Amino acid sequence: MSRNASISDRTFDFAVRITKLCSYLDKQPCTPRLLANQLFRAGTSIGANIEESRSAQSNKDFISKQSISLKEARETKFWLRLLISSEIMTEKQIGNLISECEQLIKNIAKSIVTKQNLKLNM
């Protein structure tokens, strides 16, 4: 997906990719299956909370939903890094997911700061 796509589209595409990875991991024995559950919850929650923020009832509600997305993105990055460090997956296999996750973190954080600055200037 293009980096110029909307954050909603990017987080949806990211969730699809996470779902496919977790489906693969879930078919593996033991530890990969356990990690898949954690990764799935965090990785799909990013986009769900972005969507909720689009219907926010206030700036505070928007910032809250976006902040949850940011936390989930950071957690997702942790699980992806753990998969590599645990030698369950290679950087070649999921490095692009980590890169996209890092970009999502930056974009979501910027969105929060922008909204907070707008709120302060009003």
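Here are the numbers:
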{"item": "Pair list, Cβ < 8 Å and 6+ apart or interchain, from segment 78-106 residues that are over 26 Å from K65 (Cβ atoms) to residues that are in a helix (DSSP H, G or I) and open to solvent by 90 Å² or more (accessible area, probe 1.4 Å)", "result": "I84/E91"}
{"item": "Flag for E75 being of a type outside the set (G, A, S), over 16 Å from V16 (Cα atoms) and out of contact with any Cys (no Cβ under 6 Å at 6 or more places or on another chain)", "result": "yes"}
{"item": "Segment 5-28, residues that are among the β-branched types (V, I, T), touching a residue at least 60 places away in the same chain (Cβ under 8 Å) and open to solvent by 20 Å² or more (accessible area, probe 1.4 Å)", "result": "I7"}
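The values are calculated or read from the model by the stated rules, or taken from the named source; none is laboratory data. This structure is a prediction, so every number in the text was calculated from the model and none was measured. Virtual Cβ from ideal backbone geometry, glycine too; neighbours counted across all protein chains shown. To get the accessible areas, we keep the full protein, side chains included, count just its heavy atoms, and leave off ligands, DNA and RNA. Shrake-Rupley method; radii C 1.70, N 1.55, O 1.52, S 1.80 Å.
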